[in-house]
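Quick notes on the structure that follows.
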Amino acid sequence: MEPSARGASDPMADLEALWSALLRQRRAFLLFCGAVLLAAAVVTAFTPRAYQAVAVLQLLPRAGKEVDVDAVVQLDDAGYLERRDHARTQIQVMLSRSVREEAGRRFLAGGGAGWSDAQSVAGYLKDNLEVAPREDTQLVEVKVTHAEPAVAAALANHLCEAYLDGNLDLRRDAAREAGGWIDAQTASYKQAMDDAVERVQAFKQANDVADIEETVDGVSVRLATLNEAYASTVAERVMLEGSAREHERVVERGDAAVLASAFDDPSLAAMSREYAVMMAKSADVLARYGELHPDHQRAREQLDGVRALIEREVARNLAAEKSRLQALRRQEYELQDEIETVKTELLAKDSLASQFLTLRAEEERARALYTSLGERAAEVGLQAQTRLNDVRVVDRALPPGQPSKPNATLNMAVALALGVGGGAALALLRDRRDYKIRTATDASRAFGEVPLLGTIPTLSGQLEPIERALYAAHHPRSRHAEAFRGVRSLLDLPEQASRALMVTSTLEGEGKTDTVIGLAATFARLGAKTLLIDGDLRLPRVHVVFGLPRAPGLADALRDPKRLMRHGNPTEIPGLFVLPSGTGGDDVNELLASPTMAHLLPLLLGLYDVVLIDSPPAAVVNDPLALARTVAGVVVVVRRDRVPPALAADTVAQLKRVGGRVLGVILNDVPVDPSAPYARSRYYDDSEKKPASS
């Protein structure tokens with residue numbers, strides 16, 4: 001006996017149905033996959049080859065002043081974590097037209113060919129240059145694509161060199177600007193120093209006091225000290241003014257965070273390190289989850305908070321710097337006042353000496369300022385010539401050995417995925433178009449609440465039609481007979497009034513006659529006196545199977561019930577009697593729908609335990625619809641791979657609409673799966689060939 005079918009909602013049943021559809025349409029599936037793969041191979045073969053050269057840069061932290069008064073400032077390791085905005089800005093600088101044109105000039109100057117001028121190279125790079133950060137690192141990849149590997153590598157390297165030199169020039173420009181301002185101040189103070197020296201010499205010559213310096217007492221020493229302090233204060237004030245002016249310009253540009261390293265503030269340095277760490281985390285969250293992820297938004301809010309703290313701290317340091325500048329100015333004024341006081345004292349003691357000391361003080365002050373500015377000019381000049389850069393080349397681009405376009409592996413992988421997906425969709429569409437009921441699951445889905453009574457296995461071998469119809473009766477221990485016994489168990493009919501059943505099908509050729517004969521033989525073998533009526537008055541076949549005359553039969557009894565006293569003919573199967581179809585005619589539908597048929601069935605149920613009626617296909621003629629009203633139940637036979645589900649379901653619906661009680665469906669001609677556990681059971685025996693006995 002066949003095992004019960006899986007439920008319609010069973011996922012395994014859905015997978016099996018899908019697999020079965022693919023197997024049935026495997027030719028279309030394979031042809032589609034092959035066509036897609038062939039198209040991908042052709043496109044890949046004829047696509048022009050392009051090579052992508054990659055150079056790798058590292059964005060180092062902003063070092064600030066590499067050269068201080070006495071030593072080179074050490075680079076802080078925490079500063080290597082550049083904030084994301086800076087990295088994005090640098091990437092845009094690398095993609096800028098000026099850098100691309102400079103790369104083009106260097107390429108052409110190095111003997112490169114293929115373009116007429118640097119603007120042409122820049123235009124090509126605009127469409128074939130890619131600059132992107134490497135995830136979770138401080139590295140930036142510069143990628144250039146070209147049909148020639150060597151040209152791609154040369155363009156990538158020239159672009160990196162142009163960017164590095166331009167970045168270094170920007171760093172030098174600030175030092176050059178400060179140096180120019182210091183040079184202008186130095187020239188002015190040099191002239192002041194020369195004038196002071198000339199005035200001292202003129203005073204000595206005019207007053208003939210070459211030895212006046214030896215007569216100066218402690219007051220003169222004090223005056224010299226004040227002059228020296230004044231000169232130092234003025235020099236410091238001048239430098240601080242230049243520094244404050246530069247810092248204010250940076251703040252006005254909105255880049256206050258750049259000044260974090262310009263102030264000697266531990267808390268600001270700690271904030272900068274914290275900001276760099278948080279920026280790296282934000283970049284990591286962005287790379288992992290995207291810009292709209294809540295974690296990234298929170299990270300951005302934290303970054304904005306730290307940036308605001310840095311800006312406030314920078315503002316505080318800038319305010320302190322301005323306060324220091326004001327203090328120096330006050331100190332300068334105070335020193336001037338004190339110098340004037342000392343000069344008054346000297347004038348009171350010795351007018352001539354006082355005049356000399358004044359001239360000497362002016363000379364020394366001018367000399368001190370000139371010397372101080374000269375030292376600072378040397379330091380700034382050294383910074384302007386620095387080769388220290390905050391970008392370095394990690395890997396120069398090399399001519400690639402394999403083309404980046406077309407990507408044969410990727411193309412074929414995508415083609416395979418499209419081929420499999422599209423082939424499966426095509427196979428399912430074709431299978432749905434040609435879809436028939438093939439499995440117990442299909443039957444359950446097609447008929448909904450109408451139960452599946454069982455499946456009748458396919459009979460193997462070359463059998464004659466009569467032999468096939470009587471197979472269950474002649475082989476009671478066969479799998480075929482066991483399937484009918486399973487259907488009989490589900491059709492347990494305890495009441496006499498419900499023992500009149502009609503067996504029909506949707507279309508002809510579904511095996512309804514063989515099924516009703518096998519079912520009748522099974523009831524007879526159970527000991528029930530069974531009458532099999534051939535209700536197919538148009539194409540009767542039951543009398544042929546049992547070797548009986550067609551008439552007299554059902555049609556004759558319906559035309560003249562009094563004239564036909566004998567209703568059933570005994571058969572070779574004990575307990576099974578047959579009422580043939582009888583004489584045909586043009587009135588067969590009217591006969592089956594007549595009140596005589598309704599009165600005949602109760603009469604027959606008084607003589608027999610079970611009455612089974614073989615009717616024509618319900619989707620072909622209306623005879624089964626007329627019979628369905630008179631019987632207690634209807635059984636629909638569906639041959640595997642013969643009937644579309646919609647047509648079969650519509651047949652059942654029509655039988656119900658006319659008042660028929662559809663008891664269930666029998667799925668006929670279902671092949672036995674040789675891999676099933678029950679396929680070779682010793683409980684089945686098909687070797688017996690004799691009429692079944694009671």
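The values are calculated or read from the model by the stated rules, or taken from the named source; none is laboratory data. What you are looking at is a predicted structure, and each value in this text was computed from that prediction instead of being measured. Glycine gets a Cβ as well: all are built from the backbone with ideal geometry, and neighbour counts include every protein chain shown.
The figures follow:
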read-out: Meets criteria (surrounded by fewer than 16 Cβ atoms within 10 Å (Cβ to Cβ) and either at pLDDT below 75 or over 29 Å from Glu248 (Cβ atoms) (or both)) for Leu286; value: no
read-out: Selection from segment 314-334 of residues that are buried (at least 16 other Cβ atoms within 10 Å of the Cβ) and either in contact with a Ser or Thr (Cβ under 6 Å, 6 or more places away or on another chain) or farther than 16 Å from Glu246 by Cβ (or both); value: Leu328, Gln331, Glu332
read-out: Members of segment 471-530 that are modelled with pLDDT of 85 or more, closer than 21 Å to Val652 by Cβ and outside any helix (DSSP H, G or I); value: Ala500, Leu501, Met502, Val503, Thr504, Ser505, Thr506, Leu507, Glu508, Gly509, Glu510, Gly511
read-out: All positions within segment 106-122 that are in a helix (DSSP H, G or I) and aromatic (Phe, Trp, Tyr); value: Phe107
read-out: Residue identified as at pLDDT 90 or above and either at negative phi or not in a loop (DSSP other than H, G, I, E, B) (or both) among Val620, Val578; value: Val578
read-out: Residues of segment 540-563 satisfying the condition of being more than 22 Å from Pro574 (Cβ to Cβ), among the aliphatic types (A, V, I, L, M) and part of a helix (DSSP H, G or I); value: Leu554, Ala555, Ala557, Leu558
read-out: Residue pairs meeting the criteria (Cβ under 6 Å; at least 6 apart or on separate chains; first more than 14 Å from Arg392 (Cα to Cα), in segment 151-176; second modelled with pLDDT under 85); value: Arg172/Ala384; Ala175/Val380; Ala175/Gln383; Ala175/Ala384; Arg176/Ala384
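Here's the yes/no breakdown for (1) modelled with pLDDT of 80 or more; (2) closer than 30 Å to Ala361 by Cβ; (3) surrounded by 17 or more Cβ atoms within 10 Å (Cβ to Cβ):
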{"residue": "Ala231", "(1), (2), (3)": "yes, yes, yes"}
{"residue": "Ser243", "(1), (2), (3)": "no, yes, no"}
{"residue": "Ala262", "(1), (2), (3)": "no, no, yes"}
{"residue": "Met271", "(1), (2), (3)": "no, no, yes"}
